1. Looking at the chain, which Cys residues are left with no other cysteine's beta carbon under 4.7 Å from theirs?
2. Obtain the nm distance between the two label points defined at Glu130 and Asp39 by a simple spin-label model: each point lies 7 Å from its Cα along the Cα-to-C-beta direction.
3. In deg cm²/dmol and to the nearest 500, what is the mean residue ellipticity at 222 nm of the chain if only DSSP H runs of at least 4 residues count, each as -39500 (n - 2.57), divided by the residue total?
4. Apply the Karplus parameterisation 6.51 cos²θ - 1.76 cosθ + 1.60, with θ equal to phi minus 60°, to every residue of segment 27-37 and state each ³J(HN,Hα) to the nearest whole Hz, in sequence, with x for glycine and proline.
5. Treating each Cα of the chain as an identical point scatterer and ignoring solvent, apply the Debye formula and state log10 I(q)/I(0) at q = 0.09, 0.11, 0.14, 0.16 Å⁻¹.
6. Could you check the simple spin-label distance between Asn141 and Asn87, using points 7 Å along Cα→Cβ, in nm with one decimal?
7. Quick one: Karplus J couplings for segment 100-116, per residue in order, coefficients 6.51, -1.76, 1.60, θ = phi - 60°, nearest Hz, x for Gly and Pro?
8. Can you list the residues, at least 5 places off or on another chain, whose amide H is less than 5 Å from the amide H of Arg48, using H built in the peptide plane?
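Bear in mind that the values in this text are calculations on the coordinates, not laboratory data. Computed from a predicted model, the values in this text were never measured in an experiment. Because the Cβ atoms are built from the backbone with ideal geometry, glycine has one as well, and the counts that use them run over all protein chains shown.
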Amino acid sequence: MSDYEVFIGICERINCPRSYVNLVLSELSNLGVAEVLNDGDTEFMGFRLLGKGQNSLVFKCRVDNGYYACKIRRFDSSRPDLVGEGNYLRLANSVGVGPRLISYTSDVLIMELVSGIPIQRYVVTANPTELRVVLRDLLCNAVSWTP
Ligand SMILES: Nc1ncnc2c1ncn2[C@@H]1O[C@H](COP(=O)(O)OP(=O)(O)OP(=O)(O)O)[C@@H](O)[C@H]1O
Ligand SMILES: [Mg+2]
């Protein structure tokens, strides 16, 4: 089984063009991704991943001995590449916002793995006192930054 079998397997099931698959495989290799893991809260085409959006599939991956999130642009995405996202994430990181950017190419972006439950689930399950503290902290940190 290839180190990238989870990505390859999904691509086979949804009939991605071969040229797209080969391009992404070379980018994963260039970025030093050692393994794409079959892991995460989302199930898609018989595989597990961290998330699936309109523009990408997000996998847990291993680079050296560390685990990261690997966002791969979908072949049917309306966005031509992930370069703008990489630039904006770097800008956000410079003021302490967002998962830490590791590296990116045109179709693959590696960033810090965010763990925990999604905020939309958290807000309906959290204890109200704790929720007030967390929301106040988020809002205060967001407005304390001036360009
Ligand atoms: N750094 C991360 N760590 C853990 N999970 C992540 C991370 N980034 C994304 N995810 C998961 O993947 C899902 C999809 O990610 P995202 O919203 O970035 O992709 P998209 O919807 O395809 O693209 P975009 O929102 O940029 O159009 C998220 O909702 C989240 O569940
Ligand atoms: Mg999204």
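1. When partners are defined as cysteine Cβ atoms under 4.7 Å apart, the chain leaves Cys140 without one.
2. It works out to 2.4 nm between the two label points.
3. -12000 deg cm²/dmol, from helical runs alone.
4. 5, 4, 5, 5, 7, x, 6, 7, 7, 9, 8
5. For the requested q values the scattering log ratios are -0.33, -0.49, -0.75, -0.92.
6. So the two model labels end up 2.7 nm from each other.
7. Using θ = phi - 60°, the values come out as 5, 6, 9, 6, 7, 10, 5, 10, 9, 10, 9, 9, 4, 7, 8, 9, x Hz.
8. Asp39
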